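Reviewing the structure listed below.
What follows is calculated from the coordinates using simple rules that are stated; it is not laboratory data. Please read these numbers as outputs of a predicted model, since none were measured by experiment. Every residue, glycine as well, gets a Cβ built from its backbone with ideal geometry; the counts of neighbours run over all protein chains shown.
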């Protein structure tokens, strides 16, 4: 009987610890619209920019590093930029992504970002 009680106690502690960890992880993230993330990347003074032209199509790659997070943006066009792809990578893990070729998503949809990035906005 003592073994059963110990097992139940251990299970309860493990479960409580996992719930606490998930809540902390959830609190560390927020949501922003894809176009808001893109606007922040485009307008930030630390953003790196590369322009490419392939068969008359102008592409732009933008990279912004904030703390342990990389914001990557790829656009098409020279005047009216069309967002092709937007990624949020934290410590090497993809946490938010938009791809224009995925017809289920659009630039007004929200994507996951670290909370500190949303607070900067």
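For the chain, the longest principal axis of the Cα atoms and the long axis of helix 2-27 meet at an angle of about 20 degrees. In this simple spin-label model, placing a label point 7 Å from the Cα along the Cα-to-Cβ direction at both residue 30 and residue 49 gives a separation of 2.5 nm. Per-residue ellipticity at 222 nm, computed for the chain from helices alone with -39500 (n - 2.57) per DSSP H run of at least four residues, works out to -11000 deg cm²/dmol. Under conditions of 20 °C and 1.002 mPa s, segment 29-120 yields 160 µm² s⁻¹ as its translational diffusion coefficient, taking Rh as the Kirkwood radius over Cα pairs in the Stokes-Einstein equation.
Relative to the dominant Cα principal axis of the chain, helix 34-43 is inclined by about 60°. Fewest neighbouring Cβ atoms within 10 Å first, the residues 31, 79, 118, 13 line up as 79, 13, 31, 118. A Förster radius of 41 Å, combined with the Cβ-Cβ distance separating residue 65 from residue 2, puts the computed FRET efficiency at roughly 0.15.
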